[in-house]
Amino acid sequence: MKTYIKKIFTLSLCALSAVALITGSTFTSEAKANKAAAPKNIVVVLDPGHDTTHLGCHYENFEEGIANLYIAYYCKQELEKYNGVTVYMTRTGFDCAYGANPDSTADCLSGRVNFAKSVKADVLVSLHNDYDPDLDRSQNGAKVIVPNPNYRPDICVKGYTLGQSILNQLTTTGLEVNDWKLCPNGTGIVTRDSSGTYPDGSAKDYYALINKSKTLGFTAVIVEHAFCTNESDRLNHLSTPEQYQQLGIADATGIAQYYGLTLK
Ligand SMILES: [Zn+2]
């Protein structure tokens, strides 16, 4: 209970800062700043989750690694309809593109984050789908896992605002907002801490992709589109290329709106 309250509190702090950044007179949000001045080119790295070194969830006919790749391709295609954005993908096939040790699930994640750093990513957006390990079929819908407020609160604010923009678009496809039982808060924007620490002694983000990116100075978010273990999600959102396209377009629109991008 104590941890639960702390989690809500820290996320609220980040959320409050996000609201302050958007509405405050002293500060302007990144989106507003980009709309007002000639924006710099934005570099978005899309990360189709999983590969042959760390397979994603598998349920009925659903294979997460394949679904994520479809969604990423469609997202890239849509995002490239906008001005001022360069889009990369961390993988375009089924293998890890960075020579990871096949026995190490962490190696490819490091490779992906380092790749994002090498192309000067403004943001790394990791695309996933979820599976309830207890086969709890009531778990459904979309959520975005964002950086916690520790160590680099600015990165939390950016992740929170971007995550909300993506989630708003995903719900227009008919997906519900997931209230994740591991970190329930009802908003679909969640953080998760690990027992490790950042250099300042604060709790690290649980997910390596998020904590490694934060340490290197940029924002990573993890989009969990839908639950393959929920029949409605699987049949209505995770079964056909057209459905993957709908999710990819929603992600791209959320990213474009966050940065205030305009269509070509
Ligand atoms: Zn996954």
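The values are calculated or read from the model by the stated rules, or taken from the named source; none is laboratory data. Keep in mind that this is a model prediction, so the values were computed, not measured. Positions of Cβ are generated from backbone atoms using ideal geometry, with glycine treated the same way; all protein chains shown enter the neighbour counts. Heads up: the accessible areas ignore ligands, DNA and RNA and are worked out on the full protein's heavy atoms, side chains in. Shrake-Rupley method; radii C 1.70, N 1.55, O 1.52, S 1.80 Å.
Here are some notes:
- About the centre of its Cα atoms, the chain shows a dipole size close to 1180 debye [charges on the beta carbon of Lys, Arg (+1) and Asp, Glu (-1) only; nearest 20 debye].
- Residue among Lys204, Lys117, Lys40 with the largest mean-square fluctuation in a Gaussian network model of the chain, springs linking Cα atoms under 10 Å: Lys40
- The relative contact order of the stretch 161-226, computed from alpha carbon pairs under 8 Å that lie at least 6 residues apart in sequence, is 20 percent.
- 1.4 Å probe accessible area per residue over the stretch 2-259, in Å²: 44 Å²
- GNM result for the chain, Cα springs below 10 Å: residue of Thr219, Thr253, Thr187 fluctuating most strongly: Thr187
- Ordering Val177, Val123 by accessible surface, largest first, gives Val177, Val123; the 1.4 Å probe counts only protein heavy atoms, with every chain in place.
- Between the stretch 198-221 and the stretch 63-85, the alpha-carbon center distance in angstrom: 24 Å
- GNM flexibility winner over the chain from Cys156, Cys228, Cys183 (Cα, springs under 10 Å): Cys183
- Counting protein heavy atoms only, the chain has 54 percent of its accessible area on carbon and sulfur, 1.4 angstrom probe.
- The stretch 91-193 - convex hull of the alpha-carbon atoms, volume per residue in Å³: 151 Å³
- The chain: relative contact order as a whole-number percent, Cα under 8 Å and 6+ apart: 27 percent
- Amide proton proximity set for Val85, modelled H, under 5 Å, gap of 5+: Ile42
- Per-residue ellipticity at 222 nm from helix content only, as computed over the chain with -39500 (n - 2.57) for each DSSP H run of at least four residues, stands at -14000 deg cm²/dmol.
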